[in-house]
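Beneath this line is the structure, given in structure tokens, with notes to follow.
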Amino acid sequence: MARRNTARKSKTVRQGSQLVVIFWLVFILVIISIFMINAATIQRNFNIFRTRMTSSSGAEEEILALENDIPVTVIIEQPPASRPAPEPAASVQTPPAATSAPPATTTTTPAAPATTTRQPPAAAPVAAPVTAAPPPAAPVQTRERAVYFTHVGSDGQILHSRVIRRVPVSESPMQDALNVLLAGPSADEIGRGVLNLIPQNTRLLSAAVRGSTAYLNFSEDFLFNTFGVEGYVAQLRQIVWTVTEFSNVRDVQFLIDGRRHDYLGEGIWIGSPISRLSF
């Protein structure tokens, strides 16, 4: 039992010694930390204390000002200058000079440097393109041509109707007259009962004059007339009378797609040239 108690006491003493050592270590660390944190303050206070012990009172203010970045104005007292001895008064008194005003202080402000702005060079004016005026168109020369349409009388008789048209002058006046005929009557002429019994869509393929005979070549549409025999006769008469208006043409030879046909429709002969006397 005694041994156990002795061992316990030894253990307790060792633990107590360790705690004391730990306490002092922590205390020293705390002191060192505080010293390191406040090193600048301690240094400043030490400098002030040392200055107080070795210098005048003004040096302490300089140190504080330097540490706090405060400008310090140092006033240096100079001994008063010796006044010159007064001059003796002159026997003749002169009138006092007029007191002149102190010269005015002129503050010259430096002129701002002139700023030169370089403008971009002005674009040269672009001349508008000169467009030559087109020469005046030459007047178109025209000539009157007679073309023949069909007119149905009050008694139902089919008659020819002569119409005057102005046609431009060209090197093929007969073709021009036939094209005007194929185009049909105008609206005003239709209102007056003028008809065109040549089948629609008929086209003039070619025209030529040999001797006193005009050889006229029409498209295949020329073969089909919906007005029967009288319609065929009327279409032939419209063409023959229109072409024979030219002084050098006496009769017409009809061709269909370049070929000669003997008959048109129901037994109307077209195998040889046809003149106005054929009707």
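The values are calculated or read from the model by the stated rules, or taken from the named source; none is laboratory data. Because the structure is a prediction, the values reported are computed rather than measured. As a convention, Cβ positions derive from the backbone with ideal geometry for all residues, glycine included, and neighbour counts pool all protein chains shown. For accessibility, only protein heavy atoms count, side chains too; no ligands or nucleic acids. Shrake-Rupley method; radii C 1.70, N 1.55, O 1.52, S 1.80 Å.
Label 7 Å along Cα→Cβ of VAL167; the range 213-242 residues with amide nitrogen under 18 Å?
213-219, 235-242
Starting from the Cα coordinates of the range 149-279, work out the convex hull volume and express it per residue in Å³.
113 Å³
How much accessible surface area, in Å² rounded to 10, belongs to the heavy atoms of ASP262 with a 1.4 Å probe?
For ASP262, solvent-accessible area is about 80 Å².
Just to be sure I understand the model, the point goes 7 Å from the Cα along the line to the Cβ. What's the resulting SER272 to SER219 distance in nm?
3.2 nm
Can you sort GLU171, GLU189 by 1.4 Å-probe accessible area, starting with the largest?
Largest accessible area first, the list is GLU171, GLU189.
How big is the accessible area of GLU144 in square angstrom, nearest 10, if you roll a 1.4 angstrom probe over the protein chains?
My reading of the accessible area for GLU144 is about 110 Å².
Multiply the residue separation of ILE22 and PHE227 by 0.36 nm, subtract the distance between their alpha-carbon atoms, and state the gained length in nm to one decimal.
Gain on stretching ILE22 to PHE227: 59.6 nm.
Amide H of ARG143: which non-local residues (sequence gap of 5 or more, or other chain) have their own amide H closer than 5 Å, using H built in the peptide plane?
VAL167, VAL169
I need the phi-derived Karplus couplings for the range 158-173: 6.51 cos²θ - 1.76 cosθ + 1.60, θ = phi - 60°, integer Hz, Gly and Pro marked x.
8, 10, 8, 10, 8, 10, 9, 10, 8, 10, x, 6, 8, 7, 10, x
For TYR215, what residues show an amide H to amide H distance below 5 Å, using hydrogens built from the backbone and excluding near sequence neighbours?
Excluding prolines and chain starts, which carry no amide H, the hits are ALA208, VAL209, ARG210, GLN253.
Could you rank VAL240, VAL21 by how accessible they are, 1.4 Å probe, largest area first?
VAL21, VAL240
Could you put TRP241, TRP24 in order of accessible surface area, largest first, with the 1.4 Å probe and the full protein assembly present?
Largest to smallest exposure gives the sequence TRP24, TRP241.
Taking a ≥ b ≥ c as the square roots of the eigenvalues of the Cα gyration tensor of the range 165-221, is the shape rounded (a/c under 1.5), prolate (a/b larger than b/c) or oblate?
It is oblate, given that a/c is not under 1.5 and a/b is not larger than b/c.
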